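Worksheet: the structure to be examined is printed underneath.
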Amino acid sequence: MMSETEFTGLVEDIRKNGQLEPIWVHQQKIIDGRNRYNACLEIGVEPVVREWDGKGSLVSFVTSLNLHRRHLTLSQLHLLGLKIKPIFEEEALSKKLSHLKQNTVTSDSKLRTTDSEGKFESAKEVAKLIGGSASGIYTAQRVVRDAVPEVVEAVEQGKVSLNKAETISKLPKDQQPEILKKAIANEPIKPKPIPLEPPAKLGYMEGAEALHEILQNISMQLGILIGHAETELLSLPKSTVKNARHQIEVYVDGIHKCAERLEISLKMCK
C-alpha cells in the first residue's frame, strides 16, 4: 500500500525514467508490482510484464523480490509476512492435494493443520522465510483489521512500529489519525490510567465490562512500553533480543486472547 504522495512520485519517476522493474505475474495474476502497474495505467504506457517460470516456490520468489528490493524494518517484515501468508497457504494446499492424489504420506511441516477445519499453520513457516516471528504476523493482522488505513501506511513506510500501531488501533477510529501524528513525532501516547481493581458492588455484566477495559488498558500500555524499548533492545546481543521479544509477545498474546474471549462472552450475554 502506497501513500498518495509516494504513488505520485512513482508515476513521475516512470514518466521520466521509464519502468525500471518489471511487473511479475503468474496465472494471469499480479504477484509483484501492482503499484507499478497502476502507475503505468495512470501515465498511459504499456506495462513491462514478466511471467514467473513456476520453478521452485512462489512464496520464496515473492519473498526474495521484496527482501532484496529494500532494507525493511522488523515491523515492515511482519506486514510483508501477512501479505505472503495467503500465497503460502494456497501453495501448501496445492502440495497437499498433489500428495493425496498420489496416495503418499508427507512429513512436510508446511502441510500441518491448525484446527478441525483443516486450516494450515502457515504463520510460523512464513516467519522463518522473512526472519520474523509468528506472533509478529498475528500483530500485523490485528493492526490491518482494527486500524484506519493511515496507521497501516505509516507502518509500511517505516514511520511507526507495529507495536505502536497496535496501541493506536485499540482507540476509536476517529481518534486514531490524531494519535498517529503524535506517535510519528515521538510524542507520548497517554492511555487512560489502569484502575487497580474494578469498582466495588458491580453486577456481573458491569464487572465483566470493567475487567475488559482493564485488559485493554494493560495491553495498550504494554504496547507503549515495547515501542519505547525497541531502540534499547537493538544494542543487546541478538540471542538476548530474541528471548526478550518472545517473552513479551507471549504475555501480550495472552492478554489479547483474554480480552477477545471476554468480549465475545459480553456480546453473547447482551
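Values in this text are rule-based calculations from the coordinates and carry no lab data. Predicted, not measured: the structure shown is a model, and the values here were computed from it. Here the Cβ positions follow ideal geometry from the backbone for every residue, glycine too, while neighbour counts run over all protein chains shown.
Take the Cα coordinates of region 1-55, assign each an equal point scatterer, and use the Debye formula without solvent to give log10 I(q)/I(0) at q = 0.26, 0.30, 0.31 Å⁻¹.
After summing over all Cα pairs, the log10 values are -1.02, -1.22, -1.27.
At a Förster distance of 25 Å, what's the computed FRET efficiency of residue 148 paired with residue 253, Cβ-Cβ distance as r, to 0.05?
The value I calculate is 0.60.
With r as the distance between the Cβ atoms of residue 243 and residue 45 and R0 = 30 Å, compute the FRET efficiency 1/(1 + (r/R0)^6) and round to 0.05.
Step by step, r from the Cβ atoms, then E = 0.05.
Report the gain in length on full extension from residue 141 to residue 65: 0.36 nm times residue separation, minus Cα-Cα distance, nm rounded to one decimal.
Contour length minus the Cα-Cα distance gives 25.2 nm.
Could you tell me which of the pairs 85/257; 83/182; 124/182; 29/257 are separated by over 29 angstrom between their Cα atoms in the structure shown?
124/182; 29/257
Treat every Asp and Glu Cβ in region 1-90 as -1 and every Lys and Arg Cβ as +1, leave all other atoms uncharged, and give the resulting dipole magnitude about the Cα centre to the nearest 20 debye.
Result for region 1-90 is approximately 200 debye, rounded to the nearest 20.
Can you work out the FRET efficiency for the pair residue 7 and residue 73, with r the C-beta to C-beta distance and R0 = 25 Å, to the nearest 0.05?
Using R0 = 25 Å, I get an efficiency of 0.75.
How much length would be gained if the chain were fully extended between residue 20 and residue 52, taking 0.36 nm per residue of separation minus their Cα-Cα distance, in nm to one decimal?
Taking residue 20 through residue 52 to full extension adds about 9.8 nm, to one decimal.
So for the pair residue 264, residue 185, with labels modelled 7 Å out along Cα→Cβ, what separation do we get in nm?
Placing both labels 7 Å beyond Cα along the Cβ direction yields 4.1 nm.
Return the sequence-ordered ³J(HN,Hα) values of region 82-93 in whole Hz as given by the Karplus equation 6.51 cos²θ - 1.76 cosθ + 1.60 applied to θ = phi - 60°, using x for Gly and Pro.
Whole-Hz 3J(HN,Hα) from phi for region 82-93: 5, 6, 6, 3, x, 5, 4, 5, 5, 5, 5, 5.
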